[in-house]
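A.B. asks: Encoded as structure tokens, here's the structure I'll be asking about.
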Amino acid sequence: MSAGAVRHERNADWDEHRRRYGTDIATTFDNIADPDVVIYEVYLGAKLHDITDDSKLSVMPGEVIGAALGRMMHYEKKDGRLMRILKEDLPVKRPTTWGADRTGIAFIDPGFTNVFNVDVKRNILLEKFNQFKEPMKKVLMPDTFAFIEKSHSRLADMPAGDIDPFEFLGVARRLWIDILYQSIAYLLSKQDTETIKLCLNYLYTAAFLEFCREKIMQLGALTFGDVRRMQPSLGVPPEKAQEFYHHEVDRAVEKMAMEFYDGRRKILEYLG
């Protein structure tokens, strides 16, 4: 980190979110927001780890989301930056990416993982819904909340035997992007970061699990039984790893981010 980047850390408001799990995203926001900062990204490969166990669902995503929302409100109050970005017609700025040709470090295969347990994930979605129901109802548009509530009831009523189709809540990428639009509109109108944090805490997990479901199905698991047989060693063979993670994970997430940015004016519609 440069001296300027360190200065951002020293001058920052280290609230509860930033002091715990939100430090990385807050640092990223502050440096992106500084026009004098030049950002480089070193791509090493993929990382496999569990972000949706019960404790982290209750703690980590909320603090990461809370830190991000806090920085968004900071810059909106400082110079109206959010509204300006929503209204202006400019392409999003991108970091300079250093690959193996520059770093001398080739793609690192993350290998296989046993941390994904489909029954634990399904139970989290079922058991945590009521804890986050009211914040979701406040933040989301009525038809969006109705879809989430109906999906939760459907999942609760649906058996999860070995022969049953592999399903979660159905918070696919387009819906997740629209949920973010609604959440940012609520943030700008109410300036209530706590309610949005609780809303997105649950829905982030639902969207992440839907992304996992999509990728696991691409690996050949169509039923809960297929996933249970696959999950003790989940991943792709070494010879397929670089192509899979590049196209099916990195590019997919990048495409989703660009779709979010390109359609950002919908936030203004929700505000109106």
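A.B. asks: Taking the alpha-carbon distance from residue 121 and a cut-off under 30 Å, which lysines remain once sequence neighbours fewer than 8 residues away in the same chain are dropped?
C.D. replies: Once the sequence-local lysines are set aside, what remains near residue 121 is 47, 56, 133, 137, 138, 150, 197, 215, 240, 255.
A.B. asks: Would you mind ranking 158, 1 by Cβ crowding within 10 Å, fewest neighbours first? Kindly include the intermediate steps, with their values, before the conclusion.
C.D. replies: On the way: 158 13, 1 10.
Result, fewest neighbours first: 1, 158.
A.B. asks: Once you sort the root eigenvalues of the Cα gyration tensor of the range 1-139 as a ≥ b ≥ c, which label holds: rounded (a/c under 1.5), prolate (a/b larger than b/c) or oblate (the other case)?
C.D. replies: oblate
A.B. asks: Among 101, 13, 36, whose mean-square fluctuation peaks in a Gaussian network model of the chain (Cα, cutoff 10 Å)?
C.D. replies: Maximum among the listed residues: 101.
A.B. asks: Of the listed values [x] 1.31; [y] 1.06; [z] 1.10, identify the label whose number matches Cα Rg over 2.2 N^0.38 Å calculated from this model.
C.D. replies: Only one option fits the structure, namely [y].
A.B. asks: Under 8 Å for C-alpha pairs, at least 6 residues apart: give me the relative contact order for the chain, rounded to a whole percent.
C.D. replies: Value for the chain: 25 percent.
A.B. asks: What residues have an amide H closer than 5 Å to that of residue 108, excluding those fewer than 5 places away on the same chain, when H is modeled at 1.01 Å from N in the peptide plane?
C.D. replies: Close amide H contacts, sequence-distant or interchain: 45, 46.
A.B. asks: Continuing with the same structure: Given labels modelled 7 Å from the Cα in the Cβ direction, how far is it in nm from residue 10 to residue 218?
C.D. replies: Rounded to a tenth, the inter-label distance reads 4.5 nm.
A.B. asks: Using the Cα centre of the chain as the reference point, and only Cβ charges (+1 on K/R, -1 on D/E), how large is the resulting charge dipole? Debye, rounded to the nearest 20.
C.D. replies: The calculated dipole for the chain is roughly 520 debye.
A.B. asks: If Lys and Arg each add +1 and Asp and Glu each add -1, what is the summed charge of the other residues whose beta carbon sits under 15 Å from the beta carbon of residue 41?
C.D. replies: Here the count lands on +1.
A.B. asks: Quick check on the exposure proxy: order 14, 176 from fewest to most C-beta atoms within 10 angstrom.
C.D. replies: Ordered from fewest to most neighbouring Cβ atoms within 10 Å, 14, 176 come out as 14, 176.
A.B. asks: Using alpha-carbon positions, what is the distance between the centroids of the range 247-264 and the range 131-163, in Å?
C.D. replies: 25
A.B. asks: What are the ³J(HN,Hα) couplings of the range 174-184, residue after residue, when phi is run through the Karplus curve with 6.51, -1.76, 1.60 and θ = phi - 60°? Round to Hz, x for glycine and proline.
C.D. replies: Each residue of the range 174-184 in turn: 5, 5, 4, 4, 5, 4, 5, 4, 4, 5, 5 Hz.
A.B. asks: Please identify, among 173, 102, 20, the residue showing maximal mean-square fluctuation in a Gaussian network model of the chain using a 10 angstrom Cα cutoff.
C.D. replies: Of 173, 102, 20, the most mobile in the Gaussian network model is 102.
A.B. asks: While we're on this one: Taking springs between alpha-carbon atoms closer than 10 angstrom, which of 104, 161, 235 fluctuates most in the Gaussian network model of the chain?
C.D. replies: Greatest mean-square fluctuation among the candidates belongs to 104.
Computed from the coordinates by the stated procedures, all read-outs in this text should not be read as laboratory data. Quantities reported herein were computed from a predicted structural model and do not represent experimental measurements. Ideal geometry is used to build each Cβ from the backbone, glycine not excepted, and the neighbour counts take in all protein chains shown.
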